[in-house]
Amino acid sequence: MAGRGPDRRGAAQSLSRHARPLIVGLPGHTLDSPIAAELRALNPLGIILFARNIEAPDQLAALTAAARAALGRDDAPVLIDQEGGRVARLKGEHFRHPPPARTFGALWDVDSKTALRAAFLNARLIAHELAALGIDVDCAPVCDVPGEGMHEAIGDRAFHPDPHVVAALARATARGLLAGGVQPVMKHMPGQGRARADSHLELPVVDAGADALARDAIPFRALADDVPWGMTAHVLYPALDPANCATLSARIIAEAVRQRIGFHGVLVSDDLRMKALTGTIAVRAGAALAAGCDLALECAPGPEDWPSLHALPPMRPSTWRRLRRARRLAARSVRPFDPGQAADEVGALLARV
């Protein structure tokens, strides 16, 4: 049956200005009383979900509702990484498993119009599933342009080697998510496709010059006005800042992300737990916010981390305005949708690859 996604226009007006500029992970399938109390006291803006939080649809919807109840805000953002392929938190018998981004790039080489339609429908199906679970922000699409020697940490998460094709397919994906009321997050700015190391394990260094980095930024520039969230890369770019990785670089965020790319949406750090960064979690979060990130992403806080995060500064007024804009964009983008028809169509389109 055709239907519409959630209308969050009212919620856009009520997002708390007083939340801390944090997105945090939760430890399990349910929200027990001690964690609920910690969540309430810390008052992060929202949460992010992982496989450890997911068992079945009803359980997950209850968890997102419980987290919002603990925060006292029914519009607290709930994030997830549901790209498709190996980066898909919703897996198993209860959930559709979308293909990786590279599949749509391969389809582009056969028929570009078919690829765009398939990318849109695939994202629209993802949004339909997420919205039903109370999830309103998807950390996708990946806009990184794969370079020679690229580490498999990106791999088939990248659409295509041509940055203009990446831009087109990423735009179709973002449009599909927004049409279901879900806010997309383009990542990883200013471009991680040349990284030869995994930032989960170490700090990648991209020694490319200004021209190459400008090419890598093409998809981000193309989507800067249309995608309401963006994520930074834990990558060192000596040509842009020889001392600090992008997440912690005021210079890169101000000059490369905000000026040259022209992105003025909600900027969230990549996961602060990654070994590309050093120092305590509170130090990392503070440094990311001081550099210009709107929000710090702490995917797995332990009991020792919660107290130290209370010292973080309050959310900036500019962040609150960007969050409101993101919600308004998603609310006005919602369109009628028949999930059964879409699933059949996208299946037929992908069969051409």
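The values are calculated or read from the model by the stated rules, or taken from the named source; none is laboratory data. No experiment lies behind these values; they were computed from the predicted model shown. In this analysis, Cβ positions are derived from the backbone assuming ideal geometry, glycine residues included, and neighbour counts consider all displayed protein chains.
Structural remarks
- If you go through segment 303-353 and keep only what is outside any helix (DSSP H, G or I), closer than 30 Å to R258 by Cβ and among the small types (G, A, S), you end up with just A311.
- Within segment 159-190, tally of residues that are surrounded by fewer than 23 Cβ atoms within 10 Å (Cβ to Cβ), under 15 Å from the mean Cα position of the chain (by Cα) and part of a loop (DSSP other than H, G, I, E, B): 0
- Residues that are aliphatic (A, V, I, L, M) and in contact (Cβ under 8 Å) with a residue 12 or more places away in the chain within segment 324-353 comprise A326, L329, A330, A331, V334, A342, A343, V346, L349, L350, V353, listed in sequence order.
- Residues that are part of a strand (DSSP E or B) and either within 20 Å of the chain's Cα centre (by Cα) or under 30 Å from A331 (Cβ atoms) (or both), drawn from segment 197-235: W229, G230, M231, T232
- When residues of segment 324-340 are limited to those that are within 15 Å of V137 (Cα to Cα) and among the hydrophobic types (A, V, I, L, M, F, W, C), the one surrounded by the fewest Cβ atoms within 10 Å (Cβ to Cβ): L329
- Scoring L289 on the criteria (1) out of contact with any helix residue (DSSP H, G or I) (no Cβ under 9 Å at 6 or more places or on another chain); (2) outside any loop (DSSP other than H, G, I, E, B); (3) within 24 Å of A214 (Cβ to Cβ) leaves a single failure, condition (3).
- Positions within segment 257-281 being of a type in the set (G, A, S) and more than 18 Å from I47 (Cβ to Cβ), in sequence order: G262, G265, A276, G279
- Considering residues of segment 26-76 that are within 16 Å of L312 (Cβ to Cβ) and small (G, A, S) only, the residue surrounded by the fewest Cβ atoms within 10 Å (Cβ to Cβ): A41
- Filter result (in a helix (DSSP H, G or I) and free of Cβ contacts under 8 Å to residues at least 60 places away in the same chain) within segment 236-259: A246, T247, L248, A250, R251, I253, A254, E255, R258, Q259
- Selection count where residues are in a loop (DSSP other than H, G, I, E, B) and either more than 22 Å from L267 (Cβ to Cβ) or out of contact with any Lys or Arg (no Cβ under 7 Å at 6 or more places or on another chain) (or both), scope segment 77-93: 8
- Pairing residues of segment 311-323 that are surrounded by 14 or more Cβ atoms within 10 Å (Cβ to Cβ) with residues that are part of a helix (DSSP H, G or I) and of a type outside the set (A, V, I, L, M), at Cβ distances under 7 Å and at least 6 apart in sequence or on separate chains, gives L312/G286.
- Filter pass, R327 being at pLDDT 95 or above, within 17 Å of the chain's Cα centre (by Cα), within 20 Å of G265 (Cα to Cα) and of a type in the set (K, R): yes
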